[in-house]
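Here's the structure we're looking at; comments come further down.
What follows is calculated from the coordinates using simple rules that are stated; it is not laboratory data. On a predicted model such as this, the values are computed, not experimentally measured, just so you know. Neighbour counts run over all protein chains shown; Cβ positions are idealised from the backbone, glycine included.
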């Protein structure tokens, strides 16, 4: 029974673990499509255009927004980020689920869009603010100034937790991953996500009539 693909939104403050959980979920289910975001920020060492991000100039990005080619977009730390619409719609039509690793602003835009009824939103919280800062420093990707900026913004980001369908506290990565799998499995089985069920039940009723 073919179903429409889901839009799985995974959000958290920087350092809470959403990117790690997204990678683990993709490894668990290779049929998932990861939504590659477009961004105006410069590539980090090892990042590849089209795999990690679509790296675009500010003018190119603004042109995509003006043409209605973005499902959502936001400015974060002085750079634009957004999700191209066409690949998402194509995956949905094929019954494939798309995973978004985005912030609360992007999640809000998608939930409020015409595709909102197909959204499953999950917010990831850190076990403590001290642990959040420790994780940011441990990954050694950002300067002290950038880390301070991310920590300052984390309070505002966490304030949006109640807008999400599910909330996970990432105090144990394996347990958080298991909970994430459970959420996805249950959402895929919801009655309203299986359009072929009505025809199937009608077939069962016809069998009753023909007994």
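Full extension of the chain between residue 167 and residue 65 gives 33.7 nm of extra length, using 0.36 nm per residue less the Cα-Cα distance. Classify region 140-196 as rounded, prolate or oblate from the Cα gyration tensor: take a ≥ b ≥ c as the square roots of its eigenvalues, call it rounded if a/c is under 1.5, otherwise prolate when a/b beats b/c and oblate if not. Because a/c hits 1.5 or more and a/b exceeds b/c, region 140-196 counts as prolate. Each of 100, 77 was scored by other Cβ atoms within 10 Å of its Cβ. Listed from fewest to most, they are 77, 100.
Compared with the dominant principal axis of the Cα atoms in the chain, helix 173-188 is inclined by about 40°. Exposure proxy shown here: for 103, 199, the number of other Cβ atoms within 10 Å sets the order, fewest to most, as 199, 103. Against the empirical curve 2.2 N^0.38 Å, the C-alpha radius of gyration of region 78-153 lands at a ratio of 1.40.
With R₀ fixed at 35 Å, the C-beta to C-beta distance from residue 182 to residue 141 puts the FRET efficiency at about 0.70.
Identify which of the listed values of Rg and Dmax of the Cα atoms in Å was calculated from the structure shown: (1) 19.3, 75; (2) 17.0, 53; (3) 24.9, 78. Computed from these coordinates, Rg and Dmax of the Cα atoms in Å corresponds to label (1). In this structure, residue 207 and residue 117 have a Cβ-Cβ separation that, at R0 = 30 Å, corresponds to a calculated FRET efficiency of about 0.40.
Convex hull volume of the C-alpha atoms in region 101-144, normalised per residue: 100 Å³.
Distance between the pseudo-spin-label points of residue 153 and residue 49 (7 Å out from Cα toward the beta carbon): 2.4 nm.
Relative to the longest principal axis of the Cα atoms of the chain, the long axis of helix 197-209 makes an angle of roughly 20 degrees.
Of the beta bridges in the chain, as assigned by DSSP with both residues counted there, near 30 percent are antiparallel. In terms of its C-alpha gyration tensor, region 26-96 has an oblate overall shape, because the principal axis ratio a/c (a ≥ b ≥ c, square roots of the eigenvalues) is not below 1.5 and a/b does not outweigh b/c.
Each peptide among 51-62, 123-134 gets the average number of other Cβ atoms lying within 10 Å of its residues, and from highest to lowest they stand as 123-134, 51-62. Taking only Cα atoms and a 10 Å spring cutoff, compute GNM fluctuations for the chain and point out the largest among 138, 40, 20. Highest fluctuation of the listed residues: 138.
Against the main long axis of the alpha-carbon atoms of the chain, helix 144-158 sits at an angle near 40°.
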